[in-house]
Amino acid sequence: MTELAYLPDLPAAYVRSFRARITALPPGAVVLDRTFFYPTGGGQPNDRGTLGLPGQTPADVVDVTKSGASVVHRIRAPPQVLRQFSVGAEVEGALDWDRRYRHMRLHTAQHLLSARIFARTRLRTRKAQLAGTAATLDLEGPLPADALSLLAEDMADALRHPRPVTLRHVPRAEWDRNPYAERSGLVPLPPQVDPVRVVEIEASDICPCGGTHLRSTGEIGRVALRAPVPAVGGDRVGFSLEEPSMPTPPE
Ligand SMILES: [Zn+2]
């Protein structure tokens, strides 16, 4: 079992390097007792980076996936580097921060846009997918013709007035009574999810999510919306980050 160390609070999403212990070595991969590497899921791609023994040449982490209760870090390195790994050894992990931070900016912007779309049209987001410097949102119906320009104004306005993002772990019974659950209620939460990890953008959005997010919408920068295209069950709306790279502000 791997502890998902990026989950408990928002500052944990900003951890770029960490130490952990190897618990298993499947072929070409490493399992740790805890990790800050995000495994692919919920529309957010996996993190990349390096894993290595302290002071030694590290291996590249090329893919990260969940397998049951474990996180599997697929690695690539010369045989002499791989031979250093042994079960029980302590390793240092380092995230490819540019990649992860882009995902955090895209993911937080996606919550904001999904909320604005719901507020304007009552259309819920069926699924979202982040990739590179862009994201797509699949809606549960077609977007009205005039909605895109209004949403572009909404987003520009929202991003000019940064809002703090907070994370709470809400008992399931309390969440199920929450009237804000409506915007994200299209895909029911699995019954075993308790407590619910709830991401809130102040005065803008409340949504259960297991991804990594910013502490403020002020870190998103500007976004450019793309015209909707038809997809299964509704329209697909896209957006991209206007500043692909941004420095991470200090806490
Ligand atoms: Zn999220």
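The values are calculated or read from the model by the stated rules, or taken from the named source; none is laboratory data. Please read all numbers here as calculations on a predicted model, not as lab measurements. Backbone-built Cβ (ideal geometry, glycine too); neighbour counts: all protein chains shown. Note: areas computed on protein heavy atoms with side chains; ligands, DNA, RNA excluded. Shrake-Rupley method; radii C 1.70, N 1.55, O 1.52, S 1.80 Å.
For the reader, a short list of remarks on this structure follows.
- Scaled to the globular estimate 2.2 N^0.38 Å, the Cα spread of segment 7-69, given as radius of gyration, is 1.13.
- Length gained when the stretch T23-K66 is fully extended (0.36 nm per residue, less Cα-Cα span): 14.0 nm
- Computed E for R76/L7 - FRET, C-beta separation, R0 30 angstrom, nearest 0.05: 0.70
- Solvent-accessible area assigned to carbon and sulfur over the chain amounts to 53 percent, based on a 1.4 Å probe.
- Most fluctuating residue given options L241, L95, L53, as computed from a GNM of the chain linking Cα atoms under 10 Å: L53
- In sequence order, segment 66-74 has phi-based couplings of 8, 9, x, 8, 10, 10, 9, 9, 7 Hz under the Karplus curve 6.51 cos²θ - 1.76 cosθ + 1.60, θ = phi - 60°, and Gly or Pro positions carry x.
- Taking a Cβ cut-off of under 14 Å around Q56, the surrounding Lys, Arg, Asp and Glu residues balance to a net charge of -1, with basic ones at +1 and acidic ones at -1.
- At 1.306 mPa s and 10 °C, Stokes D of the chain from Kirkwood alpha-carbon radius, µm² per second: 83
- Surface/4 of the Cα convex hull for segment 10-112, nm²: 6.5
- For the listed peptides 224-233, 70-79, 14-23, a ranking on the average number of other beta carbons within 10 Å per residue, highest first, reads 70-79, 14-23, 224-233.
- Each residue of segment 80-159 gets 149 Å³ once the volume of the Cα convex hull is shared out per residue.
- Binned Cα-Cα distance frequencies in segment 115-251 - 5 Å width, integer %: 2, 9, 17, 21, 22, 16, 10, 3, 0
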